[in-house]
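Below is one structure, written out as C-alpha cells, with a few remarks after it.
FYI, it's all coordinate maths here, none of it is from the lab. It should be emphasised that the depicted structure is a prediction, and the values quoted were computed from it without experimental measurement. Cβ: placed from backbone, ideal geometry, glycine included. Neighbour counts: every protein chain shown.
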Amino acid sequence: MILDKINEDYKMAVKNKDEIKREAINMLKSAIKYREIELRANGKELTEDEIISVIQKEIKKRKEAIELYEKGGREELVQKEKKEIEILESYLPKQLSEEEIKEILKDVILSTKASSPSDIGKVMKEVMPKVKGKADASLVRKIAEEMLNNL
C-alpha cells in the first residue's frame with residue numbers, strides 16, 4: 001500500500017536527516033490525514049485512489065508555486081519545490097507516455113463520436129477514469145484538444 005511506503009520513507013528521511021524529503025512527506029501525510037478525516041465524516045474510507053488524488057493535488061500546488069517563484073526570481077525556492085515534486089511523484093503509479101494517452105484518446109473519440117473541439121467535455125468525461133492517477137489531467141486535456149482540433 002502507498003501509505004506504508006510513505007510512512008517507511010518518512011522514517012528513513014528522519015533517520016538520514018534529509019530535511020527536504022522529511023518536510024515533503026510530512027506535508028503529504030498531513031494532506032492524506034485531512035482527506036481521511038473528511039471522508040470519514042461522510043461515512044467513507046480512504047482508498048488507494050484517494051491517496052493518489054491527494055498526491056496529485058500536492059504536486060499541482062508545487063507546480064503553481066514554482067511559477068510564482070520563477071516570476072519572483074526565487075531560484076532557490078524553485079529548486080526546493082522541484083525536489084519535492086520528484087519525491088511526491090515517486091509515490092504515483094507509472095505515468096502514461098504521450099503516445100499511450102493518444103491511443104486511449106483515439107479510442108474514446110471514436111466511441112463517443114466526438115467530431116469537434118466543442119466535444120471536449122464528452123471526451124474528458126470518458127477518458128479521465130481510464131487515466132486516473134496515471135496521467136496529468138492538464139496534459140490529457142491539451143492532447144485531447146489538439147486531436148479534436150485536427151479532426
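Points worth noting:
- Gained length - Asn26 relative to Lys60, 0.36 nm times residue gap less alpha-carbon distance: 10.6 nm
- Each label was represented as a point 7 Å from its Cα along the Cα-to-Cβ direction; for Asn149 and Lys125 these points are 2.4 nm apart.
- Cα gyration tensor, the stretch 108-151 - rounded (a/c under 1.5), prolate or oblate: oblate
- Potential lengthening between Glu76 and Glu100 on full extension [0.36 nm per residue; Cα-Cα distance subtracted]: 5.2 nm
- Extension reserve of the Asp4-Ala137 stretch, reckoned as 0.36 nm per residue once the Cα distance is removed: 45.3 nm
- Scoring 122-130, 37-45 by mean Cβ neighbours within 10 Å over their residues and listing the highest first yields 122-130, 37-45.
- Against the empirical 2.2 N^0.38 Å (N residues), the stretch 23-151 has a Cα radius of gyration ratio of 1.23.
- Shape box of the stretch 2-89 [Cα atoms, principal axes, largest first, Å]: 45, 30, 16
- With each label modelled as a point 7 angstrom along the Cα→C-beta vector, the Lys33-Val14 pair spans 1.1 nm.
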